[in-house]
Amino acid sequence: MNYKTKFIPSEKPDVAFVSRPWGTFKQFANNEASTVSLMTMLPGQRMSLQSHVGRAELWIVIDDGATIQVGDRIWEAQAGEEVWIPAEERHRLSNRGNQPIRVLEVAFGNWQQEDIQRYEDDYQR
């Protein structure tokens, strides 16, 4: 199946920072085709080490405690951190803490569950 049916940016798209009298907001996708998901990861869990041919992802970390791997880099992400994951790059989200963590995902391209290439998976999928 061809998962590259929609435009996939090769770099993180510009994030607009907009000021209003009441405060500010960041705009991560403006009139673009994208899929937005709020991921909640339970304590002690991690997703598979995976990649996608048909999409790139922007993760926005909401809660402290997320461990993120992109390529060979692994680090403890801070709340508010924005993480760009290019198409075909291996990546993983883990929660080593004792509280659930949330990460907002903005996916650019063709979001399909079948597009997940797993390299390691704790759940034998």
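Readers should treat all values here as calculations from the given coordinates under stated rules, not as data from a laboratory. In this text, all values refer to a predicted model and were calculated from it rather than measured experimentally. As a convention, Cβ positions derive from the backbone with ideal geometry for all residues, glycine included, and neighbour counts pool all protein chains shown.
Couple of notes before you dig in:
- The distance from the alpha carbon centre of segment 22-62 to that of segment 96-124 is 9 Å, rounded to a whole number.
- Largest first, the extents of the alpha carbon coordinates of segment 32-120 on the three principal axes equal 33, 28, 20 Å.
- Mean separation of Cα contacts under 8 Å (6+ apart) over length of segment 32-120, as relative contact order %: 47 percent
- Student exercise, the chain dipole from Lys, Arg, Asp, Glu Cβ charges, in Debye to nearest 20: 180 debye
- For HIS52, HIS91, order by how many other beta-carbon atoms lie within 10 Å, fewest first: HIS91, HIS52
- Comparing GLU76, GLU89, GLU32 in a Gaussian network model of the chain, where Cα atoms under 10 Å apart are tied by springs, the biggest mean-square fluctuation is seen for GLU32.
- Comparing mean-square fluctuations of VAL15, VAL61, VAL36 from a GNM of the chain with C-alpha springs under 10 Å, the top value falls on VAL15.
- GNM result for the chain, Cα springs below 10 Å: residue of GLY23, GLY80, GLY109 fluctuating most strongly: GLY23
- Ranked MET47, MET39, MET1, criterion: other C-beta atoms within 10 Å, fewest first: MET1, MET39, MET47
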